[in-house]
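What follows is a set of notes on a single structure, which appears directly below.
Where a number appears in this text, it was derived from the coordinates with a stated rule and is not lab data. This one's a predicted model, so the numbers in the text were calculated from it and none came from an experiment. Reconstructed Cβ throughout: ideal geometry from the backbone, glycine too, with neighbour counts over all protein chains shown.
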Amino acid sequence: MMGPSTNFVIKNQFRKILTDKFKVIPISCAALLLLLYSCSISQFSPEAYKQAVDLKVESLELMSYATESIADFESEAAALKQALKKAYEFAKGRPDNEISAQQWEILIDEERNLLGGFLKRWEDEDTLNEMFITEAQSLVSDAFDTIIGLESGKINPSEIQ
């Protein structure tokens with residue numbers, strides 16, 4: 001049976017636990033704010049957003065022709081590669097935009113399994129299997145959606161007060 005002194009001890013221990021936990025909250029909030037400040041992200045750019053959306057549509061469209069010979073689409077593939085490099089350089093050149101630039105770099109890298117790798121494989125093999133194309137389009141679409149989502153989630157300079 002618990003007596004009055006036992007209840008007092010339990011209440012004091014409970015109070016100490018709560019007090020200790022609430023001392024951590026301000027420290028955690030300060031650490032979170034510091035982290036957010038150090039990971040600043042660039043402002044929204046309508047040009048970057050439009051560029052990403054346009055390149056997504058163009059890329060997926062060109063990919064759909066990969067069942068045919070790359071020779072028939074060399075100029076389109078070259079133009080797309082150049083536009084992708086421009087988008088990467090644009091993202092890389094914007095201040096506080098490292099995350100978006102890294103996503104563009106991953107997307108266009110010929111050694112990876114996204115758009116750059118897909119185009120390289122098409123060049124190497126001349127034609128690609130329709131099932132492979134469909135799966136690759138899904139991955140490339142998701143990668144573009146990540147880039148578009150990063151850009152659309154940024155603060156528009158007109159919204160800053």
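Quick rundown of the values:
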{"item": "GluC sites (Glu not before Pro) lying in DSSP loop within the range 84-152, provided at most 11 other Cβ fall within 10 Å", "result": "E111"}
{"item": "16 Å Cα-Cα reach of K56 towards aspartates and glutamates, excluding residues that sit fewer than 8 places from it in its own chain", "result": "E47, E76, E105, D109, E135, D142, D145, E151"}
{"item": "Interchain or long-range residues, amide H under 5 Å from R112's placed H", "result": "G117"}
{"item": "Sparse-neighbourhood loop sites, GluC sites (Glu not before Pro) in the range 44-88 - DSSP loop, at most 15 other Cβ within 10 angstrom", "result": "E68"}
{"item": "For the range 43-55, 3J(HN,Hα) per residue [Karplus equation, 6.51 cos²θ - 1.76 cosθ + 1.60, θ = phi - 60°, Hz, x = Gly/Pro]", "result": "6, 4, 10, x, 5, 5, 5, 5, 4, 5, 5, 4, 5"}
